[in-house]
Structures are given as structure tokens and as C-alpha cells.
1. For the stretch 14-32, enumerate the residues that are under 13 Å from the mean Cα position of the chain (by Cα) and not hydrophobic (A, V, I, L, M, F, W, C).
2. Quick one: count up the residues across the stretch 78-87 that are buried (at least 18 other Cβ atoms within 10 Å of the Cβ) and within 15 Å of VAL36 (Cβ to Cβ).
3. What residue, of PRO86, PRO54, is modelled with pLDDT of 95 or more, of a type outside the set (Asp, Glu) and touching a Pro at 6+ places or on another chain (Cβ under 6 Å)?
4. State all residues of the stretch 14-28 that are more than 14 Å from VAL79 (Cβ to Cβ) and modelled with pLDDT of 95 or more; if no residue qualifies, say none.
5. Can you spot a residue in the stretch 39-58 that is among the β-branched types (Val, Ile, Thr), over 12 Å from the mean Cα position of the chain (by Cα) and either loosely packed, with under 15 Cβ neighbours inside 10 Å or not in a strand (DSSP E or B) (or both)?
6. Kindly list the number of the only condition in (1) under 16 Å from GLU91 (Cβ atoms); (2) surrounded by 15 or more Cβ atoms within 10 Å (Cβ to Cβ); (3) in contact with a strand residue (DSSP E or B) (Cβ under 6 Å, 6 or more places away or on another chain) that fails for LEU33.
7. Among ALA95, ALA31, ALA35, which is assigned to a helix (DSSP H, G or I) and at pLDDT below 95?
8. Look through ASP75, ASP65 and report the one residue that is exposed (fewer than 13 other Cβ atoms within 10 Å of the Cβ) and touching a helix residue (DSSP H, G or I) at 6+ places or on another chain (Cβ under 8 Å).
Amino acid sequence: MTLPLQYLIFDASDDGEGTGTWDAVASVRAADLPAVWAEVHAVLACAQQHSPGPRGPLDDGGTWDADEHQQTDGDWTTVTLTLTGPWAWGEALVARWSGD
């Protein structure tokens, strides 16, 4: 299953110990905000469906976690989504979304 993303583009970083962080940021005008949040919710649903274990802070025993934020500045709203979890899991998810 490929989940086509039009707004969210993920940038990955590896901690060198098998855990990765994938950050996506989308800055849009109000008319596009529902579409961005639809992508965020679809990504989170896919992450949950392919979960490597329980979601929660890694320091508290979670296997993966996600954080979403929204900030408005004038006519633009920025939505940020961060996923954290096992490197192989995250890379497989990103490959689904990018069609790789």
C-alpha cells in the first residue's frame, strides 16, 4: 500500500543505536489545512497499523511515538509531525509514503 503524500515530506535522522526520528513540516494557508491534517492522521493510522510495539515515550517503555504541533503566523499555518522508533520500521513506513 502506498500512501501518497502531497504536503508532508519526511527528513530522517538516526541516533546510531537503531532508533530514528522522522520529522515532517508543512506550511499552508487555511484552505489547505484540512488536507494536511488528513495526511497526518493517515500517517499515524499507518504507523499504528504497522506498529513495532506499544506507542509511548521511549524512555517510558514505548517502542515508537509521535508528536504533532500546529502554529499559525499570519496567513500561514505550520503543522509539524515527528515520529520516533526503530530505524527499520520508520524507513519502511517512509518508503510506503514515498512510493519507493
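The values are calculated or read from the model by the stated rules, or taken from the named source; none is laboratory data. What you see is a predicted model; the values in this text were computed from it and never measured. Heads up, the Cβs are rebuilt from the backbone with ideal geometry, glycines too, and the neighbour counts pull from every protein chain shown.
1. Residues satisfying the conditions are GLY20, THR21, ASP23.
2. 2
3. PRO86
4. Result: THR19, GLY20, THR21, TRP22.
5. The answer is no, given that none of the residues of the stretch 39-58 is among the β-branched types (Val, Ile, Thr), over 12 Å from the mean Cα position of the chain (by Cα) and either loosely packed, with under 15 Cβ neighbours inside 10 Å or not in a strand (DSSP E or B) (or both).
6. (1) is the only condition that LEU33 fails.
7. ALA95
8. When all the criteria are applied, what remains is ASP75.
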